[in-house]
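*Asks:* Below you will find the structure I want to go over with you.
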Amino acid sequence: MSRDVPSKNVISRAQARKAILARIAPELMKLNFLYKKGCCLWRVGNDSNDRTDVVEIRFLTVAERLNSKLPESTFSIKYGCYFHFVPSPFEHKITHKIDNVITPDETHCQIRSELNRSIETSISQKHSVSLWNLECSVSEQQSIIDDIMFELREQALPLFARFDNISMLLDYLKQENGVGSGIGAPGSFARNYLIGFTLLKLGQYASAENYLKMAKEFVDDSNRKNSKLLGAIDSNAPIFIQQRILEQALLLVHAK
């Protein structure tokens, strides 16, 4: 007598994206994630114009899939916060032509992370707990998609809530170790840059100057060490843009 075994569905990236968004987009829209395009959803403003929150479905690249031998529908859920008052050298890349609002990808957020799943999937334990795939039975697909929404509530939304005012952001930047968050280790260029512009936004100019100077010293030192290589780099490369941003910010501080 044969046993009934749930059949696996071979599912494309497009089908997976559609299924995931059908579940999470209506729930996130209730939380003011009003903008959606491709694999991204954005909440712009949060009662002010200081921040954009992003949730992004990130599928493995072809090379990653071939190397890991995982199916096409394998993905992770990235999320992050982009603070409008922290100048970015990638500003030309952080809009998706949606009503001229700031809609960055997760990679351009100053604070970023990814969801970890709590549900078992067909992905073996040797792969990251931040990966899901939907190449499974229909009932399993539903459980996986429900888990995504559960983990968004448990992991992403509490992080977003930590930055509902800028003073909370400053506390976070001064206290967190920075592992996996994109903010860098304490004393790093990334951390000093973020703290400097956050203090500037709060009007704490003397403290802001100290952190901005430390960030600029890092850039200047890096440029000196790599002067021969930098000669062949376009003047609009991110490292030069950040240098000019810091110079302008320090001039602003001195004018106060």
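The values are calculated or read from the model by the stated rules, or taken from the named source; none is laboratory data. All figures in this text were calculated on a predicted structure; none of them were measured in a lab. Because the Cβ atoms are built from the backbone with ideal geometry, glycine has one as well, and the counts that use them run over all protein chains shown.
*Asks:* Can you name the residue in region 32-54 that is aliphatic (A, V, I, L, M) and at pLDDT below 95 and is also surrounded by the most Cβ atoms within 10 Å (Cβ to Cβ) among such residues?
*Replies:* So the first thing to find is which residues in region 32-54 are aliphatic (A, V, I, L, M), and the list is 34, 41, 44, 54.
Still in the running and at pLDDT below 95: 34, 44.
Values: Leu34: 15, Val44: 20.
For region 32-54, the residue satisfying everything is Val44.
*Asks:* Ile57 passes all but one of (1) surrounded by fewer than 20 Cβ atoms within 10 Å (Cβ to Cβ); (2) more than 24 Å from Ser167 (Cα to Cα); which number fails?
*Replies:* The single condition Ile57 does not satisfy is (1).
*Asks:* Here is a follow-up. Under 8 Å between Cβ atoms, at least 6 apart or on separate chains: pull out the pairs that start in region 176-198 with a residue that is within 12 Å of Ala208 (Cα to Cα) and end on any residue that is polar (S, T, N, Q) and modelled with pLDDT of 85 or more.
*Replies:* Close Cβ pairs (under 8 Å, with a partner that is polar (S, T, N, Q) and modelled with pLDDT of 85 or more) amount to Tyr193/Gln242; Leu194/Gln110; Gly196/Asn210.
*Asks:* Name the pairs whose Cβ atoms lie under 8 Å apart, with the first residue in region 130-142 and more than 11 Å from Ile119 (Cβ to Cβ) and in contact (Cβ under 8 Å) with a residue 24 or more places away in the chain, the second loosely packed, with under 14 Cβ neighbours inside 10 Å and among the hydrophobic types (A, V, I, L, M, F, W, C), and 6 or more positions between them or separate chains?
*Replies:* Glu135/Val10
*Asks:* For region 52-80, name all the residues that are over 23 Å from Asp147 (Cβ atoms) and assigned to a strand (DSSP E or B).
*Replies:* Within region 52-80, just Thr52 meets the criteria.
*Asks:* Hey, another quick one. Hey, any hits in region 126-134 for a residue that's basic (Lys, Arg) and within 20 Å of the chain's Cα centre (by Cα)? If you could, list the steps in order and put the result at the bottom.
*Replies:* The first filter runs over region 126-134 and keeps only residues basic (Lys, Arg), leaving 126.
From what is left, the residues that are within 20 Å of the chain's Cα centre (by Cα) are none.
No, region 126-134 has no match at all.
*Asks:* Here is a further query. Do you know which of the residues in region 137-181 that are out of contact with any helix residue (DSSP H, G or I) (no Cβ under 7 Å at 6 or more places or on another chain) and assigned to a loop (DSSP other than H, G, I, E, B) is nearest to Ser12 (Cα to Cα)?
*Replies:* For region 137-181, the residue satisfying everything is Ser137.
*Asks:* Now, a different point. Do you know which of the residues in region 81-95 that are hydrophobic (A, V, I, L, M, F, W, C) and outside any strand (DSSP E or B) is modelled with the lowest pLDDT?
*Replies:* The selected residue is Ile94.
Results for (1) within 23 Å of Ile94 (Cβ to Cβ); (2) modelled with pLDDT of 95 or more; (3) surrounded by 13 or more Cβ atoms within 10 Å (Cβ to Cβ); (4) in contact with a strand residue (DSSP E or B) (Cβ under 8 Å, 6 or more places away or on another chain), shown as yes or no for each residue.
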position: Asn177; (1), (2), (3), (4): no, no, no, no
position: Ile183; (1), (2), (3), (4): yes, no, yes, yes
position: Phe189; (1), (2), (3), (4): yes, no, yes, no
position: Leu212; (1), (2), (3), (4): yes, yes, yes, no
position: Glu217; (1), (2), (3), (4): no, no, yes, no
position: Asn226; (1), (2), (3), (4): no, no, no, no
position: Leu252; (1), (2), (3), (4): yes, no, yes, no
